[in-house]
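Participant: Let me give you the structure first, and then I'll get to my questions.
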Amino acid sequence: MSIIVKIKTERQKGQEGIMTKSEINEIKKQFAIDACTIERICGCYVNDEKEKMCVSREAFLSLPEEEEHKYFDILKKTLSGTEGKNLLELEFPLAEEANGGKQDFLYRLRNSELKDDGLVDEFFDRIIETYDTVERYFIILVFASYDVPGKATDNLMMDDASENVFNYMICSICPVKRSKAVLSYNARENRIGERIPDWVVSDPEKGFMFPAFEDGGADVHKLIYYSKKSEELMENFIDNMFGAVPPVSAGYQAEVFNSIINETLGEDCLLETVKNINENVGIILRDHENSDPEPVVLQKEDVKKIFFDSGVDNETMEYFDDRYDRAVAKVMESEDTDNLPPVPILAKNLPGVKKFDIRTPDIVIRVNPERTDLIRTQVIDGRQCLVITVDDRVQVNGLSCRTIGKK
């Protein structure tokens with residue numbers, strides 16, 4: 001029997017949605033003493049030989065308050081970073097939602113509220129089997145039950161009008177590193193001496209939340225995956241642990257977009273055109289922020305419209321579809337342009353959104369992406385020049401200088 005049949009009160013397969021920043025923050029606010037919804041915590045310390053050194057299972061509120069604060073910090077970091085870059089939404093294939101699938105296992109683990117020792121042990125074993133590292137690490141797994149407040153017509157929270165309960169798990173995988181030998185004060189001996197190095201739990205490198213929290217409810221068909229380093233997603237871990245298609249990294253998306261520009265424009269790639277493309281992406285982002293909290297995802301037709309709006313001529317655009325596919329295939333190192341998977345590009349992951357750099361072998365110019373109108377090209381004395389509009393004064397190595405001498 002499919003898992004879909006089991007859960008009639010949770011979001012159905014096929015409903016569109018992406019967990020937004022405000023929804024992530026809503027969960028993170030629970031990681032505090034006065035708002036804590038965490039009921040149970042399990043931990044597993046794994047050595048560099050992939051052996052379990054220590055396993056714990058306990059009620060979260062039985063921990064000393066100082067320890068609770070440390071765990072709150074780790075859990076907050078597991079839901080931190082940029083959506084679409086450090087925080088990625090993974091959707092389970094239908095096969096993994098059948099009995100015995102990877103989503104089915106997480107669903108049963110969540111429903112057990114981490115009180116089934118056999119399921120918890122199996123979860124730790126699956127992590128150890130699939131997580132590829134030579135370091136020691138500590139697995140933290142918590143279960144929480146959030147009584148979701150209702151919302152008034154103006155979207156303000158009403159704490160006394162709960163709509164449903166969001167039951168979820170968060171897993172954090174934290175490297176355990178040996179501390180440095182340092183001098184410290186020994187109160188027992190009343191002297192300064194060498195502190196004995198010990199093993200310290202560091203900030204999480206990887207983690208996830210299951211299920212995703214969207215529109216005030218659970219979407220059990222998705223999870224939120226965290227990676228401290230956006231370019232080291234551990235695709236094999238994602239595939240083996242969740243059965244999900246590994247997401248496209250932020251750097252990869254930027255590489256694909258630049259490849260599309262190069263493939264489409266070729267030798268006719270003008271600075272003015274690239275500047276227009278970046279400006280139009282920025283306009284889309286700014287307009288979107290005011291109307292929709294979900295990230296802007298650019299598909300092929302969106303990129304095509306941006307190119308048209310940026311002044312790419314009709315003759316060049318006639319071949320856009322083929323050149324787009326060729327660019328994606330080149331980055332994916334594939335020769336089959338007819339069966340390429342879609343590559344969603346998050347607009348905020350594109351390099352021109354946060355900075356606009358112009359480089360020559362001898363000069364680097366960095367421009368605020370919202371003020372690229374200050375840059376233009378011009379032929380002066382027969383030479384191609386970049387012309388930068390500036391005020392009367394500029395700063396050079398921290399010194400305030402005039403651009404024009406006194407008359």
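Participant: Taking the stated definitions as given, is residue 208 crowded, with 21+ Cβ neighbours inside 10 Å and over 30 Å from residue 105 (Cα atoms)?
Facilitator: When the stated conditions are applied, residue 208 does not pass them.
Participant: Give me a count of the residues in region 137-178 that are surrounded by fewer than 16 Cβ atoms within 10 Å (Cβ to Cβ), β-branched (Val, Ile, Thr) and modelled with pLDDT of 90 or more.
Facilitator: The number of residues fulfilling the criteria is 1.
Participant: Inside region 178-222, counting only strands (runs of 3 or more DSSP E) that do not spill past its ends, which hold 1 or more residues that are basic (Lys, Arg)?
Facilitator: So the answer is 191-194, 206-210.
Participant: Kindly indicate whether any position in region 372-379 is hydroxyl-bearing (Ser, Thr, Tyr) and in contact with a Lys or Arg (Cβ under 8 Å, 6 or more places away or on another chain).
Facilitator: yes
Participant: Scan region 320-327 and tell me whether some residue there is among the hydrophobic types (A, V, I, L, M, F, W, C), within 30 Å of residue 246 (Cβ to Cβ), buried (at least 16 other Cβ atoms within 10 Å of the Cβ) and more than 24 Å from the chain's Cα centre (by Cα).
Facilitator: Scanning region 320-327 turns up at least one residue that is among the hydrophobic types (A, V, I, L, M, F, W, C), within 30 Å of residue 246 (Cβ to Cβ), buried (at least 16 other Cβ atoms within 10 Å of the Cβ) and more than 24 Å from the chain's Cα centre (by Cα).
Participant: Is it true that residue 73 is closer than 21 Å to residue 241 by Cα and either out of contact with any Gly (no Cβ under 8 Å at 6 or more places or on another chain) or in contact (Cβ under 8 Å) with a residue 60 or more places away in the chain (or both)?
Facilitator: Criteria not met by residue 73.
Participant: Spot the failing condition for residue 257; the list is (1) under 25 Å from the mean Cα position of the chain (by Cα); (2) surrounded by fewer than 17 Cβ atoms within 10 Å (Cβ to Cβ), and only one is missed.
Facilitator: (2)
Participant: Also, I was wondering about something else. From the list 290, 236, which one is surrounded by fewer than 20 Cβ atoms within 10 Å (Cβ to Cβ) and either of a type in the set (Gly, Ala, Ser) or at pLDDT below 85 (or both)?
Facilitator: Just a single option satisfies the conditions, and that option is 290.
Participant: So which residues in region 266-277 are assigned to a helix (DSSP H, G or I), within 24 Å of residue 368 (Cβ to Cβ) and not β-branched (Val, Ile, Thr), if there are any at all?
Facilitator: 271, 272, 275, 276
Participant: Additional query: Would you check which residues across region 348-392 are of a type in the set (D, E, K, R), farther than 23 Å from residue 283 by Cα and surrounded by 12 or more Cβ atoms within 10 Å (Cβ to Cβ) and list them?
Facilitator: none
Participant: Check 219, 215 and return the single one that is out of contact with any helix residue (DSSP H, G or I) (no Cβ under 9 Å at 6 or more places or on another chain) and of a type in the set (Asp, Glu).
Facilitator: Step by step, each of 219, 215 is checked, and only 219 is out of contact with any helix residue (DSSP H, G or I) (no Cβ under 9 Å at 6 or more places or on another chain) and of a type in the set (Asp, Glu).
Participant: Sticking with this structure for a sec: Just the residues that are of a type in the set (Gly, Ala, Ser) and touching a residue at least 40 places away in the same chain (Cβ under 8 Å), please, taken from region 252-276.
Facilitator: Residues satisfying the conditions are 254, 259.
Participant: Looking at (1) closer than 26 Å to residue 349 by Cα; (2) surrounded by 17 or more Cβ atoms within 10 Å (Cβ to Cβ); (3) among the β-branched types (Val, Ile, Thr), can you tell me which one residue 37 breaks?
Facilitator: Looking at each condition in turn, residue 37 falls short on (1).
Participant: For region 292-407, please list each of the strands (runs of 3 or more DSSP E) lying entirely inside it that holds at least 2 residues being of a type outside the set (Ser, Thr, Tyr) and under 25 Å from residue 275 (Cβ atoms).
Facilitator: Result: 356-359, 364-367, 375-380, 383-388, 393-396.
Participant: Here is a further query. Where in region 27-93 are there strands (runs of 3 or more DSSP E), lying wholly inside it, with at least 3 residues that are more than 27 Å from residue 250 (Cβ to Cβ) and in contact with a helix residue (DSSP H, G or I) (Cβ under 9 Å, 6 or more places away or on another chain)?
Facilitator: Here the list reads 38-46, 52-59.
Participant: Cβ contacts < 7 Å: first residue over 14 Å from residue 248 (Cβ atoms), restricted to region 317-344; second residue aromatic (Phe, Trp, Tyr) and modelled with pLDDT of 75 or more, any location; separation 6+ or different chain. Result?
Facilitator: Taking only residues 6 or more apart or on different chains, the pairs are 317/307; 317/308; 320/307.
The values are calculated or read from the model by the stated rules, or taken from the named source; none is laboratory data. These numbers were taken from a predicted model, which means no experiment stands behind them. Note that we place each Cβ from the backbone using ideal geometry, even for glycine, and neighbour counts take in every protein chain shown.
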